[in-house]
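Report on the structure given below.
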Amino acid sequence: MNGDEIIDRIKAYWNETSDSAWYRSLRTDEKIMRLKEQPASAFHPAVLELIRKYLPDLKGRRVLLPSSGDNHAAFALAMMGAHVTSSDISERQLENASVIAKRLCLDIEFICDDTMKLSHIRGEAYDMVYTSNGTLSWISDLDKMYRNIFRVLKTGGHSVAYDLHPFNRPFLGEAWKAPLIVKSYHDVFPDLHWRLQDIVNSQIRAGLSIRELAELPAIDASFWFTYAELQHKRPEELEGINDWKKNPMAALPAWIALVSRKN
């Protein structure tokens with residue numbers, strides 16, 4: 001299967017997934033109203049703290065979100081005053097997001113594009129590029145992605161990456177059980193389980209200057225269970241799930257956040 005066929009398969013998957021019960025649950029009136037009232041809820045608290053540290057005032061800043069997914073971060077950043085461009089490989093994801101943006105009266109630019117190419121994104125145009133949870137597991141060429149992130153950033157602009165911590169990849173990841181190794185940390189392919197060194201070194205090769213790395217804990221049960229599984233969980237079944245003394249897997253970092261700068 002060549003690169004174009006892989007991209008077509010990914011696009012088809014996310015076009016279908018965008019209308020799944022899981023993704024519809026992310027677009028309910030209740031979820032969107034909470035986001036409207038609390039834009040910060042779109043982010044892990046520590047990630048938002050990092051964004052505010054390096055871009056204290058988002059008003060008027062140009063922000064690009066490649067692989068924008070459910071677009072909660074795009075909506076939130078727009079509500080915080082940023083000029084937001086949302087880019088995704090899936091037309092359906094962008095269509096669903098644009099309906100919500102209109103309902104919220106948010107002026108967000110939506111562009112269908114491959115995150116590894118960003119061929120429809122203007123160079124040296126953005127103060128921040130933000131990639132969020134799940135992006136890296138769909139990227140087969142990190143160097144190409146970060147070269148293009150470097151290209152579209154203004155001089156002095158920042159890349160903020162938030163994703164699953166690679167140290168989780170070797171483990172089965174079942175909550176309440178001791179960590180069970182199912183693969184080597186160094187087996188990157190065929191599942192695109194990038195190591196920390198791959199992510200950091202790729203940014204350095206692209207010309208980005210690493211400013212800060214944060215290793216973060218999970219903050220809710222959605223890290224441990226799928227949407228379908230959570231529908232059948234009672235609150236008492238989830239109590240203490242992020243306490244490593246009760247849930248041994250919680251001793252591992254859940255997320256990474258990496259801030260870099262185009263000097």
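Scattering from the C-alpha atoms of the stretch 3-261 alone, worked out with Debye: what is log10 I(q)/I(0) at q = 0.16 1/Å? Per q value, in the given order, log10 I(q)/I(0) is -1.37. Using only side-chain charges placed at the Cβ, +1 for Lys and Arg and -1 for Asp and Glu, the dipole size of the stretch 60-192 relative to its Cα centre rounds to 240 debye.
Database remark: amide H of His165 closer than 5 angstrom to the amide H of Trp255, Ile256 (H placed geometrically; neighbours at sequence offset of 5 or more, or on other chains; Pro and chain starts carry no H). Packing here is the average count of other Cβ atoms within 10 Å per residue, and on that basis the peptides 59-72, 246-259, 96-109, highest first, run 59-72, 246-259, 96-109. Look at the alpha carbon pairs under 8 Å that are at least 6 residues apart: their mean separation over the length of the stretch 3-261 gives a relative contact order of 17 percent.
Our coupling estimate for the stretch 35-51, obtained by passing each phi through the Karplus curve with A = 6.51, B = -1.76, C = 1.60 and θ = phi - 60°, is 5, 5, 6, 9, x, 4, 5, 6, 10, 4, x, 6, 6, 4, 4, 5, 4 Hz, Gly and Pro reported as x.
The phi-based Karplus calculation (6.51 cos²θ - 1.76 cosθ + 1.60; θ = phi - 60°) puts the 3J(HN,Hα) values of the stretch 120-131 at 9, 10, 5, x, 6, 10, 10, 7, 8, 10, 10, 10 Hz, whole numbers, x for Gly and Pro.
The charge dipole of the chain, taken about the Cα centre with unit charges on the Cβ atoms of Lys, Arg (+1) and Asp, Glu (-1), comes to about 720 debye, rounded to the nearest 20.
For Phe171, the residues whose modelled amide H falls within less than 5 Å of its own, excluding neighbours fewer than 5 places apart on the same chain, are Val182.
Can you give the calculated 222 nm mean residue ellipticity of the chain, where each DSSP H run of n ≥ 4 adds -39,500 (n - 2.57) and the sum is split over every residue, rounded to the nearest 500 deg cm²/dmol?
Details: 10 runs with 90 residues, N = 263.
My calculation for the chain gives -9500 deg cm²/dmol from helical runs alone.
Nearest 5 is fine: what % of DSSP beta bridges in the chain come out antiparallel, could you say? If you can, show how the numbers build up before the last one.
Working: 15 of 30 bridges.
Here the share of antiparallel DSSP bridges comes out near 50 percent.
A cut-off of 5 Å between modelled amide H atoms, ignoring neighbours fewer than 5 places along the same chain, links His83 with Gly60, Arg61, Arg62, Val63.
Laboratory data are not the source of any read-out in this text; all were calculated from the coordinates shown. On a predicted model such as this, the values are computed, not experimentally measured, just so you know. Quick reminder, even Gly has a Cβ in these numbers, built from the backbone with ideal geometry, and neighbours come from all protein chains shown.
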